[in-house]
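The values are calculated or read from the model by the stated rules, or taken from the named source; none is laboratory data. Please read these numbers as outputs of a predicted model, since none were measured by experiment. With ideal geometry, Cβ positions are generated from the backbone for all residues, glycine too; neighbour counts draw on all protein chains shown. Surface accessibility is based on the protein's heavy atoms, side chains included, excluding ligands, DNA and RNA. Shrake-Rupley method; radii C 1.70, N 1.55, O 1.52, S 1.80 Å.
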Amino acid sequence: MEDSSKIPVHVSIIMDGNGRWAKERGKERFYGHIEGVESVRACTEEAARKGVRYLSLFAFSEENWNRPDEEVRSLMELMVKAMTNELPTFLKNGIRFIVLGNRERLGDALNARIDDCMRRTENQTGLTLIVFMSYSGRWDILQAAKRLALEASADPSRASEIGNMTLTDFSLYMVTSGIPDPDLIIRTSGELRLSNYLLWQGAYSELYFTDVLWPDFRKEEFDLALAEYAKRDRRYGKVK
Ligand code: FPP
């Protein structure tokens with residue numbers, strides 16, 4: 001019997017290595033992204049089976065807009081297609097689907113599909129699947145600070161309340177408001193950095209790095225990451 005206290009509530013994944021996976025096979029980078037969607041499906045199924053409550057995926061960063069137009073366009077199309085194809089599975093399996101990030105940059109067509117998928121799954125009570133698109137950690141902190149500044153200037157009587165804000169109060173301004181911080185952040189493909197991902201929310205996350213490229217990261221690899229997490233001793237800066 002698995003010890004459920006050792007199952008992370010929120011697992012987050014920096015999906016990396018699609019391009020290299022394709023190159024190793026003499027194929028176009030896009031082929032790696034298509035295989036990457038299969039890994040998304042495998043990890044979502046396994047996360048739900050293991051009792052993980054939130055699975056979040058870094059699908060497209062603010063920096064990824066600097067990739068060649070052709071790759072950006074194909075990636076966006078792939079995500080719309082994946083969302084449309086997976087919607088019946090989400091509904092059947094109680095999955096709530098959420099997209100977070102700088103939505104203004106995504107364009108009307110994609111935003112309409114995202115809104116539809118989010119609305120139709122909003123009352124589901126199983127796993128919450130979060131896809132971060134056009135997201136970066138610094139952008140998130142900046143948008144929170146800007147919103148707070150706007151509120152403060154609109155209502156100067158709130159000055160002392162805002163001056164006394166706690167970390168928890170400030171968290172409500174991040175796009176992840178209401179979602180627990182990730183317990184475990186996984187990054188595939190051997191890169192050992194966070195690349196501007198969940199900088200605020202990941203303050204106490206356990207980090208797991210693997211050389212496995214994202215298209216090869218399936219059920220067994222996900223289970224290995226959970227097993228490693230179960231061995232970690234989380235102290236949050238305290239002495240135990
Ligand atoms: C990183 O590999 C991967 C991405 C930038 C895109 C990941 C997106 C998907 C797999 C589609 C997800 C779809 C849904 C619905 C969530 P890379 O291109 O940086 O690879 P490289 O480092 O080898 O060049």
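Residues that are surrounded by fewer than 12 Cβ atoms within 10 Å (Cβ to Cβ) and either in a strand (DSSP E or B) or of a type in the set (A, V, I, L, M) (or both) do not occur anywhere in segment 116-137. Scanning segment 1-29 for residues that are part of a helix (DSSP H, G or I) and more than 12 Å from the ligand (Cβ to nearest atom) yields 4, 5, 6.
Cβ separations smaller than 7 Å between residues 6+ apart or across chains give the following pairs from segment 9-34 residues that are over 18 Å from residue 61 (Cβ atoms) to residues that are among the basic types (Lys, Arg) and near the ligand (Cβ under 9 Å from one of its atoms): 22/29. Tell me whether segment 51-71 contains one or more residues that are more than 8 Å from the ligand (Cβ to nearest atom), open to solvent by 70 Å² or more (accessible area, probe 1.4 Å) and in contact (Cβ under 8 Å) with a residue 60 or more places away in the chain. The answer is yes, given that some residue of segment 51-71 is more than 8 Å from the ligand (Cβ to nearest atom), open to solvent by 70 Å² or more (accessible area, probe 1.4 Å) and in contact (Cβ under 8 Å) with a residue 60 or more places away in the chain. For segment 162-175, the set of residues classified as of a type outside the set (Phe, Trp, Tyr) and either open to solvent by less than 80 Å² (accessible area, probe 1.4 Å) or touching a residue at least 12 places away in the same chain (Cβ under 8 Å) (or both) consists of 162, 163, 165, 166, 169, 171, 174, 175, listed by residue number. Being open to solvent by less than 70 Å² (accessible area, probe 1.4 Å), of a type outside the set (A, V, I, L, M, F, W, C), assigned to a loop (DSSP other than H, G, I, E, B) and in contact with a strand residue (DSSP E or B) (Cβ under 9 Å, 6 or more places away or on another chain) is a description that does not apply to residue 193.
Of the candidates 227, 144, 149, 159, the single residue that is free of Cβ contacts under 8 Å to residues at least 60 places away in the same chain, part of a helix (DSSP H, G or I) and surrounded by 15 or more Cβ atoms within 10 Å (Cβ to Cβ) is 144.
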